[in-house]
Amino acid sequence: MIMTVVSVPLPVDEQLEIRKSRFCPDNGGNGRRISIVTGIHGDELEGQLVCFQVAKRINEHPDRLLGTVDLYPAMNPLGIDSITRGIPGFDLDMNRTFPGGSDGSFTEYLAARVVEDLVGSDLCMDIHASNIYLTEVPQIRINELHREKLVPLAMEANVDFVWVHGANTVLESTLAHSMNSLGVPTLVVEMGVGMRLTQAYADQLTEGIFHLMGRLHIWKDEEIAVKTPIVSSDSSDVIYLNAPVSGIFMKRKNHGEQLKKGDEVGVILNPYTGRILKRLTAPEDGWLFTIREYPVVDEGSLAARILKNKGERQ
Amino acid sequence: MKKELLYTIPSLYRDDFRIQGYRFGHGKKALCVVGSMRGNEYQQIYTCSQLVARLKKLEGEGLLKEDREVLVIPSLNPSSMNIEKRFWPTDNSDINRMFPGYSLGETTQRIAAGVFEQIKDYENGIQFASFYMPGQFSPHVRMMKSGYENVEKARKFGLPYVVLRIPKPYDTATLNYNWQIWETNAFSLYGSATDVIDEKSARQLIEGILRFMASEGILKEDIENSELSEPRVFTDRELLAVRSKTSGIFINLAEVNQRVEKGQQLACILDAGEGEVTERLYAPADGVVFFAHSKPLVYANTAVFKLLA
Ligand SMILES: [Zn+2]
């Protein structure tokens, strides 16, 4: 059943609607609920395939559904439809408008209605796809303020990496921070790259979602095996490689690869001269979990992130 | 005056990114003025460049104190303005959400860090700011209520209003907020316009800055203050918002600074197909129009006016 979460008129004969698709057993189910949210950033599309696959599997096995599954594939419908990351017309990042307010601006009103609708979920998952510049291995990012509640859930989500990062005031206006503060455990997934779909990652996360749904008694099935992710909560574990000069970046390694100290991760080229301006190398052994896809770099543009190898992990 | 290159990033295909500063006097770092940070802040760069011209003239007349240093930076972001883009050309990030910056971080974090390093030690900091919503303001001095704000000094501009803003999470990454944290007296100056040049508003802000400079002993002579009344100080929460309930074509009937009476019609919203009035907006109280929406279209749930009762 497709339901309207919020509907606002636009100036010229159009309604802006954020809709969700609700799945629950005919008898109403056991009241447990998971909400899968994606498309807050209109240029991040990996979650589209995940929503499709979750819906498809429920349609194939409706008898296995015990609780409620709410899919919100397009939190920022105008953005998705116009290839715009933020909310078009406002040049505003929707993920900086939460928790919103009913007497705030148009965008704050949308945010408030969405938050209101998500309250009551036993788990919320907000699926992102990095941005158009970077590719990420499937990972969950957790604000350290919420680590105790969220890390055990993230361990069951079939991702490769769980990154617990420091608290940051600016991030207080994200959907995840608002929901977690309201007591709705919300996991932020980053995977793949903007403007593209990655079948393997959608498959991987779909398995994780059904596994979590099993744990939450929303879905009954044979136990689905999930990966044990690498967990990092020490900010000094992560090495950032930023472009030291402006130019054209070409990656030499793929995300997910193990690196040895000195390995060439990518190069910055000068097409005028045929010369390599800079070689970016791994400063120590580690695991490449982020790599730049978008070739044009300014000085400072992020090119890669490497998780340092530690004794207990290979 | 000395023109100085404050920060630069070499580019592969475009001309280098350059932030230029204009330095007057030397010695005690008395005042830094920053113009536009976003590509659409035309009024801000205009006002700032007019300030440079004015200070040059005053310097030529020997009216600036020699032992006080003033730095004026008309633009932190020529790269965006030159292509009529509001935010950073490649990644659409906002420099005014990057302070205090990070010199090893992403491009706009580096720009913020590079600039902040050079402007954080001034006793006073002024930024010509713009609002995130399109509209016109009554000229005012705005400061974050961070606990470090100096309201007494803000009065010295002699602008009609001093607004204290309760910081929201994203405000903590703005220049104004970080200046205050680093113990600079920070003031954001809002004129009436952003996207268009408003000569009168620019002159008003420049006069305000000169008055401030006189009170700080940066100018040798006092500015004529006779006709100025005492500024009104209030927090942004005291403003009464008038919100649209519908979307459509916006016809504004009230001007910024206009005194209105309770029940007076301020605007109407028209149906974009049939041209009929779908909504009339009225003043909820007697007051002055402090902010007015300035776009031809309006969305529902937008604060189109803010009144000061
Ligand atoms: Zn995102």
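Read the figures in this text as sums done on the coordinates, not as results from a lab. All values derive from a computational prediction rather than experimental measurement. Cβ coordinates were reconstructed from backbone atoms using ideal geometry, including for glycine residues, and neighbour counts include every protein chain displayed.
Assuming R0 = 22 Å, what is the FRET efficiency of A:Arg22 and A:Leu197, from their Cβ-Cβ distance, to the nearest 0.05? Given R0 = 22 Å and the Cβ-Cβ separation, E is 0.35.
Working from label points 7 Å from Cα in the Cα-to-Cβ sense, the B:Ala272 to A:Ala167 distance is 4.3 nm.
Across chain B, C-alpha contacts under 8 Å between residues 6 or more apart give a mean separation that, scaled by the residue count, equals a relative contact order of 16 percent. Taking A:Leu45, A:Leu187, A:Leu78 in turn, the Gaussian network model of chain A (Cα-Cα springs below 10 Å) assigns the largest fluctuation to A:Leu78. Taking Cα atoms, how many degrees apart are the long axis of helix A:46-60 and the longest axis of chain A, rounded to 10 and kept between 0 and 90? It is inclined by approximately 40 degrees.
For the segment B:9-15, counting C-beta atoms of other chains within 10 Å of every residue's C-beta and taking the mean gives 5. Remark: mean inter-chain Cβ contacts per residue of A:297-304 equal 6, using a 10 Å Cβ-Cβ cutoff to other protein chain atoms. Between the Cα long axis of helix B:199-215 and the first principal axis of chain B there is an angle of about 50°, rounded to the nearest 10. Within the stretch A:65-106, name every residue whose backbone N is under 20 Å away from a label modeled 7 Å from Cα of A:Ile2 along the Cβ vector. Those under the cut-off are A:69-83. With Cα atoms defining each centre, the stretch A:228-247 and the stretch B:73-126 are spaced 23 Å apart in the structure. Rounded to the nearest 500, the helix-only mean residue ellipticity at 222 nm of chain B stands at -6500 deg cm²/dmol, with each DSSP H run of n ≥ 4 adding -39,500 (n - 2.57). Over chain A, DSSP H runs of length four or greater, each weighted -39,500 (n - 2.57), average out per residue to a 222 nm ellipticity of -6000 deg cm²/dmol. Is the protein assembly as shown rounded, prolate or oblate when judged by the Cα gyration tensor, a ≥ b ≥ c being the square roots of its eigenvalues, rounded requiring a/c under 1.5 and prolate requiring a/b larger than b/c? Oblate is the answer for the protein assembly as shown, as a/c is 1.5 or above yet b/c matches or exceeds a/b. Model label sites at A:Arg147 and B:Leu63, defined 7 Å from Cα along the beta-carbon direction, differ in position by 5.9 nm.
Between A:Thr186, A:Thr169, A:Thr135, the residue with the greatest mean-square fluctuation in the GNM of chain A (Cα pairs under 10 Å linked by springs) is A:Thr169. When the C-alpha to C-alpha distance is required to be over 31 Å, the pairs from B:Lys57/B:Lys200; B:Lys56/B:Lys120; B:Lys65/B:Lys120; A:Lys251/B:Lys168; A:Lys260/B:Lys85 that qualify are A:Lys251/B:Lys168; A:Lys260/B:Lys85. Peptide B:145-155 has a mean of 0 when you count, residue by residue, the C-beta atoms of other protein chains within 10 Å of its C-beta. Would the stretch B:181-269 count as rounded, prolate or oblate if I go by the C-alpha gyration tensor, calling it rounded below 1.5 in a/c and otherwise prolate when a/b exceeds b/c, oblate otherwise? Cα axes put the stretch B:181-269 in the prolate bin. When chain B is treated as a Gaussian network with alpha carbon springs shorter than 10 Å, the biggest mean-square fluctuation among B:Glu59, B:Glu84, B:Glu152 belongs to B:Glu152. Gain on full extension, evaluated as 0.36 nm per residue between A:Asp234 and A:Lys220 minus their Cα-Cα distance, stands at 1.4 nm.
The label-point distance for B:Ser229 and A:Met250, in a model that sets each label 7 Å from Cα toward Cβ, rounds to 6.9 nm.
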